[in-house]
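Here is the structure we will look at, set down as structure tokens.
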Amino acid sequence: MSEETPQGGASTAEDASERLDELLREFTGGAYERAPMIAVNNGLHGYDGLLPDFSPEGTQARIAWLEEMRARALGIDAGGLAADEQLHRDYLIVVIDTDLFNIRELKVLENNTWFDYLALDPNLYLSRDYAPLNARMDAYVRHAQRIPAAVAAMRRTIKPMPTGHAAGFQTYLDGLAEFVTTAPYLVFADIQDPGRRAIMKDANDRAAKALTDLARWIEASPRNEQFALGPEKFARFLWDLERIDTPIEELKAMAERDLERNMLAMRDACESFSPGSSLEECRAEVASRKPTDGPVAAATRQVALLRERILERDIISIPDGEVIVAESPPHMRSGTAYISVAGPYEERMPSYYYVSPPDPSWSAEDQGAYVQSEADLMTTTTHCVWSGHILEALRCHRPGNPLAAFTYSYAFCEGWCVYSEEMMLHEALDDDPELAIGQLQNALMGDVRVLVSIGLHTGGMTIDEAEQMFRTEAFCDPASAREEAVRGSFDPGNLFYTVGKWMVLKLRDDWFALHAGRSLRDFHEAFLSYGDAPIALLRRVLLGDTDDGRLFP
């Protein structure tokens, strides 16, 4: 596969640059209009309270707009642009290809509802103190008032979906219904005006009913268990999202080799941590060492420690900004943790690192197994905060790349964070054997994610088989293994965690070969200086003519 080139381009470099600048401004404005919650998350509060058009007509209009933007981008001759402008032009095309693939092939609005519909979540208005309480309450109410119409449009768009997709989305909707009928009353408790509180209650009740009705409608709807993309679409998925043209079988073989390497490293770490113990005994001992004061308190300590070590050892610069650790709200507990990063257009706003408690409906044994050990939690904290997601987002969303504030490459974003887990173990945590076991646990999970994504979508693997692979090869607890298996069915990009890490390591090796004598910090600063563009495109900028086009070690 190769990048398309225009039949005719701009006549001069100045023309090409001006046309690109105009197109990027137009695309940015159009993207915010079609996904206003992204604008709000970035700190553009003129979009407060708005929701996307989830109707079939809105979807078709969005596709037509994306196709127009793509044609215009291809009409700009990359040869007439400076290197950073070429990156922006090519990145724009990848962003559009990603959206079109997600809508047409992953069917993220029809039967794979884990993507755009997260825009229903109004937590931002409650958690971020970006304006006086009255203004935030008004914005929240406008959002809640629009939920019933958004849900009505969704009903016209959503089609029968696989059982795993449906169950997870029902949980999200039920959790969101609980959230809107509880959390706003706590956050806006100081606003006692009876009229305004009555308006908010009416909006909350209507929103909760619409969300609950949608959950029950999905529960009663027929199922379509076909989720696999198939080899041809899976290969196009890799290309459209990340410009990866490596054969699927090669990626599978790389994952199998990496799984073996990480399993051997796990055995070595266990021998250092608990000499003479079996692998199962060692893992069980590490898993039993839970935070005595709970995961939120433990994660708070870890955030402070990691920040201190990064600065002490000059690993990378850390942007200003507070990080608050909190328990995940009930509608956002499909994973062990997630983050909400302060918007690039907001000043002095904190970012949030949310840690999920186990589902109270699970057995006591499964709940206990779900809570991460101190070592596993350290890996999660590294991945999510320092030097992972929050650092990467605060850095990448503020450079000159005009797309960086609201787009990202899946492999860049997650690849950097998984790379950070191993890098920080060596550079900041002194290869502590117990912490190494936590990092290797996640590395094994990443390898299995690659194998499961490929297996589910190209090899006829079932979700039950995927779950068993997570349990046996990555030592996952039953609940986490099931979550990971189901996620692999609706999110084939789950493989980009580890595939992206391999790409970062290859680029790092190539960059040091070109820049002898430079420091690890120098590479990190260079890597994060262009926004989180696809690594295949970033290689051209960081390596120039020395880029051999090889993405993997």
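A short reminder: the numbers here are calculations on the coordinates, not readings from a lab. The structure presented is a predicted model; accordingly, all values stated were derived computationally and were not measured. Positions of Cβ are generated from backbone atoms using ideal geometry, with glycine treated the same way; all protein chains shown enter the neighbour counts.
The table below lists the values:
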| quantity | calculated |
| --- | --- |
| Extension reserve of the Glu67-Arg521 stretch, reckoned as 0.36 nm per residue once the Cα distance is removed | 159.5 nm |
| Between the stretch 30-64 and the stretch 254-293, the alpha-carbon center distance in angstrom | 45 Å |
| The chain: projected area of the alpha-carbon convex hull, averaged over directions, in nm² | 25.2 nm² |
| Linear extension gain, Gln60 paired with Ala135, 0.36 nm per residue minus alpha-carbon span | 23.6 nm |
| DSSP H segments from the chain that extend 30 Å or more along their own axis, Cα-based, with Kyte-Doolittle mean of -0.5 or above | 83-104, 133-157, 248-273, 433-458 |
| Using a Förster distance of 30 Å, the FRET efficiency for Arg223-Ala253 (Cβ separation, nearest 0.05) | 0.30 |
| For the stretch 356-468, the spread of Cα positions along each principal axis, largest first, Å | 48, 38, 28 |
| DSSP beta bridge pairing in the chain, given as percent antiparallel to the nearest 5 | 40 percent |
| Potential lengthening between Thr292 and Leu118 on full extension [0.36 nm per residue; Cα-Cα distance subtracted] | 59.3 nm |
| Cα→Cβ-extended label distance, 7 Å offset, between Thr171 and Arg313, nm | 3.5 nm |
| Distance in nm between pseudo-label sites at Glu465 and Arg206 (7 Å out along the Cβ direction from Cα) | 4.9 nm |
| Calculated P(r) tail over 22 Å for the stretch 422-548, as whole % of Cα pairs | 49 percent |
| Helix-only [θ]222 nm of the chain, DSSP H runs n ≥ 4, -39500 (n - 2.57) each, per residue, nearest 500 | -20500 deg cm²/dmol |
| Percentage, to the nearest whole number, of Cα pairs in the stretch 13-220 over 27 Å apart | 41 percent |
| GluC sites (Glu not before Pro) within the stretch 301-391: DSSP coil, no more than 12 neighbouring Cβ in 10 Å | Glu322, Glu347 |
| Arg156-Tyr345 FRET efficiency (beta carbon distance; Förster radius 35 Å; 0.05 resolution) | 0.55 |
| If the convex hull is drawn through the Cα atoms of the stretch 233-501, its volume per residue in Å³ | 134 Å³ |
| Cα-Cα separations in the stretch 261-420 greater than 28 Å, expressed as whole percent | 29 percent |
| Gap separating the Cα centres of the stretch 115-163 and the stretch 455-530, nearest whole Å | 31 Å |
| Met161 long-range amide H proximity, modeled H, under 5 Å | Asn224 |
| For the stretch 319-382 and the stretch 207-227, distance of Cα centres in Å | 27 Å |
